[in-house]
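Below is one structure, written out as structure tokens; comments come after it.
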Amino acid sequence: MNLLYEAKGTVYPASAQSHIAYRFMLNQPVERLHIDFTYDPKLLDDDGVAQKLITSAMQRYGYEQPNEESWRKYAPLQNLLTLSLDDPYRHRGQAHRMDPVQQHLLTEHEATPGFWPGTNPAGLWTVTLSLHAVVTEHCNYSIRIWKGGS
């Protein structure tokens, strides 16, 4: 394993519906590009907070009048963070998955679903972290990008 780039951070509910872009340089083309992405926690495990968030959203968006139990059908609430990737010349795809642990691969002839295969050229790449929902007090994430041979 030859680590090319690593980013770690913590996001908060106020960060939801935003993006964080990280740039990394490939000094030469690589045969295989690997991306490991994790975030934690996945679920909001506080029923009191979940009930407040869900009933507030139900009222705001005109769902049925919330009662003591109606909010439960929308629980548990989950954080949702996703990745997109751009090489120096084009968009290479995105991983809009619910999984809090993901591994992605890009080679000339194969790629993880959601990404497009192709050469992995030298130059400035961008990996974008999209924060669709952050419902816990905080959410930690890690992105590791590394190159490998055949």
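The values are calculated or read from the model by the stated rules, or taken from the named source; none is laboratory data. Note that the structure is predicted; figures quoted are calculated from it, not measured. Positions of Cβ are generated from backbone atoms using ideal geometry, with glycine treated the same way; all protein chains shown enter the neighbour counts. The protein model used for the area step is the full one, side chains on, heavy atoms only, and it has no ligands, DNA or RNA in it. Shrake-Rupley method; radii C 1.70, N 1.55, O 1.52, S 1.80 Å.
Summary of computed values
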| item | result |
| --- | --- |
| The chain - Kirkwood radius from inverse mean 1/r over Cα pairs (Å) | 16.9 Å |
| Per-residue ³J(HN,Hα) for the stretch 11-19, Karplus 6.51 cos²θ - 1.76 cosθ + 1.60, θ = phi - 60°, Hz, x for Gly and Pro | 10, 10, x, 5, 7, 4, 6, 9, 9 |
| Whole-percent carbon and sulfur share, accessible surface of the chain, 1.4 Å | 50 percent |
| Set of aspartates and glutamates with alpha-carbon distance to Lys8 below 20 Å, sequence-local pairs under 8 removed | Asp36, Asp40, Asp86, Asp99, Glu137 |
| The stretch 80-96 - phi-based ³J(HN,Hα) in whole Hz, Karplus 6.51/-1.76/1.60, Gly and Pro as x | 9, 10, 9, 10, 10, 9, 10, 8, x, 10, 7, 6, 9, x, 8, 10, 8 |
| Principal-axis tilt of helix 47-60 within the chain, Cα atoms, nearest 10 degrees | 80 degrees |
| Nearest-0.05 FRET efficiency for Glu31 and Gln78, computed from C-beta distance (R0 41 Å) | 0.70 |
| Mean ellipticity per residue at 222 nm, deg cm²/dmol - from DSSP H runs of n ≥ 4 across the chain, formula -39500 (n - 2.57) | -3000 deg cm²/dmol |
| Cα-based reach from Lys73 at 28 Å (exclusive), listing lysines while leaving out same-chain residues under 8 positions away | Lys42, Lys52 |
| Cβ-derived FRET efficiency at R0 41 Å, His138 paired with Asn2, nearest 0.05 | 0.85 |
| Computed FRET value (nearest 0.05) for Asp99 with Tyr61, which takes r as the C-beta separation and R₀ as 35 Å | 0.85 |
| Interchain or long-range residues, amide H under 5 Å from Asp46's placed H | none |
| Derived scalar couplings ³J(HN,Hα) [the stretch 21-37; Karplus, 6.51 cos²θ - 1.76 cosθ + 1.60; whole Hz; x for Gly, Pro] | 9, 10, 10, 9, 9, 9, 6, 8, x, 10, 6, 10, 10, 10, 10, 10, 9 |
